[in-house]
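**Q** Could you have a look at this structure, given as C-alpha cells, before my questions?
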Amino acid sequence: MIGGHDAVILAAGGSQRLGRPKQLLTLDGESLIARVSRLVDATGPGKTIAVLGAYAERLCGQLNGAMAVFNPDWATGMASSLRLAADALAGRHDPVLVVVVDQLALDEAHLVRLLAAHDGARDTVTAYGETLGVPAVLRAATLARAAHLRGDTGFRALWSDEAPLAIRADALAIDVDTEDDVARAIAAGLLDRD
C-alpha cells in the first residue's frame, strides 16, 4: 500500500457506441467498475471520488471505498467529470491518481509504479503507443485547473506548460468501445463471456 494520494475514478460515460454500460462488463465475475475501484483502493488513497453519470444507480453499489459523485452533465464529455472531481477534492494537496474503467489490462502493479515514480515536480502519466493518458497521477494544482476544461477534453490540455513524466504500459491501449472490441477482449481472455 502506497498512500499519500487521493484518487478519481472516471465512470460517467454512457457507452453509446457499445449500447450497454461497459462499466458492468465482467472479468473473472467482477464488474469493471468494481475491479477498478478495488485496484485503486489497494493503493491506499486518502479519499477516492468515483464520478458517475449515465448508469449511476446501477454502479453505486459496486464501488469499493469510493465516494460516488453524480455528474448530471455526463453527456457533455470528460471535462465535466474532471471539473466535478476537482471540486470534490478542492482544498486537498495530495497528488491524485486518475483512472478509467475500461482499460482491461490495468493492474495494481502499474498503479503502484505510477505512484512510486511521481515526485511532485510534474504529472506522471501512462504511455501507450503514441498516447499519453490515464492512468495518471496529477499534481493537485493540475487537477484544480480542470475548471477551465470544456467538452470531451481531458487533462492532456493542461500540460501545455510542462511535459509529464511517462511510464510505458502498451497493454493499456486496449479498451472497449464497441461490440467488436468486446468480442476481441473475450477471445483474449480479458473479459468474461456474456
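The values are calculated or read from the model by the stated rules, or taken from the named source; none is laboratory data. All values derive from a computational prediction rather than experimental measurement. Cβ placement follows ideal geometry from the backbone for every residue including glycine, while neighbour counts extend to all protein chains displayed. All accessible areas refer to the heavy atoms of the entire protein, side chains included, with ligands and DNA or RNA removed. Shrake-Rupley method; radii C 1.70, N 1.55, O 1.52, S 1.80 Å.
**Q** Here are D73, D102, D6: which of them is of a type in the set (D, E) and farther than 19 Å from L143 by Cβ?
**A** After applying the criteria, what remains is D102.
**Q** Further, regarding this structure: Go through the stretch 74-114 residue by residue and tally those that are in a helix (DSSP H, G or I) and not β-branched (V, I, T).
**A** Count: 19.
**Q** Looking at the stretch 14-36, which of the residues that are closer than 21 Å to A88 by Cβ and either aliphatic (A, V, I, L, M) or at pLDDT 95 or above (or both) is surrounded by the fewest Cβ atoms within 10 Å (Cβ to Cβ)?
**A** Result: A34.
**Q** Just to verify a result, which residue in the stretch 1-11, among those that are open to solvent by 10 Å² or more (accessible area, probe 1.4 Å) and of a type in the set (G, A, S), is farthest from D94 (Cα to Cα)?
**A** Applying the filter and picking the extreme gives G3.
**Q** If we keep just the residues of the stretch 172-194 that are small (G, A, S) and surrounded by 14 or more Cβ atoms within 10 Å (Cβ to Cβ), which is farthest from L18 (Cα to Cα)?
**A** A173
**Q** Within the stretch 45-63, can you find the residues that are surrounded by 16 or more Cβ atoms within 10 Å (Cβ to Cβ) and of a type outside the set (A, V, I, L, M, F, W, C)?
**A** Scanning the stretch 45-63 gives P45, K47, T48, G53, Y55, Q62.
**Q** Can R145 be described as surrounded by 16 or more Cβ atoms within 10 Å (Cβ to Cβ), modelled with pLDDT under 85 and at negative phi?
**A** yes
**Q** Then there's this: Just checking, which of R92, R139 is charged (D, E, K, R), in contact (Cβ under 8 Å) with a residue 12 or more places away in the chain, open to solvent by 60 Å² or more (accessible area, probe 1.4 Å) and on the phi < 0 side of the Ramachandran plot?
**A** Exactly one residue qualifies, and that residue is R92.
**Q** What number of residues within the stretch 115-124 are surrounded by fewer than 17 Cβ atoms within 10 Å (Cβ to Cβ), free of Cβ contacts under 8 Å to residues at least 60 places away in the same chain and outside any loop (DSSP other than H, G, I, E, B)?
**A** Residues meeting the conditions: 1.
**Q** Which of the numbered conditions does G46 fail, given that it passes all the others? Conditions: (1) more than 16 Å from the chain's Cα centre (by Cα); (2) modelled with pLDDT of 90 or more; (3) assigned to a helix (DSSP H, G or I).
**A** In the conditions (1) more than 16 Å from the chain's Cα centre (by Cα); (2) modelled with pLDDT of 90 or more; (3) assigned to a helix (DSSP H, G or I), G46 misses (3) alone.
**Q** Could we say that L59 is more than 29 Å from A183 (Cβ to Cβ) and outside any strand (DSSP E or B) here?
**A** no
**Q** Select, from A66, A127, the only residue that is without any contact (Cβ under 8 Å) to a residue 60 or more places away in the chain, under 25 Å from V176 (Cβ atoms) and open to solvent by less than 10 Å² (accessible area, probe 1.4 Å).
**A** A127
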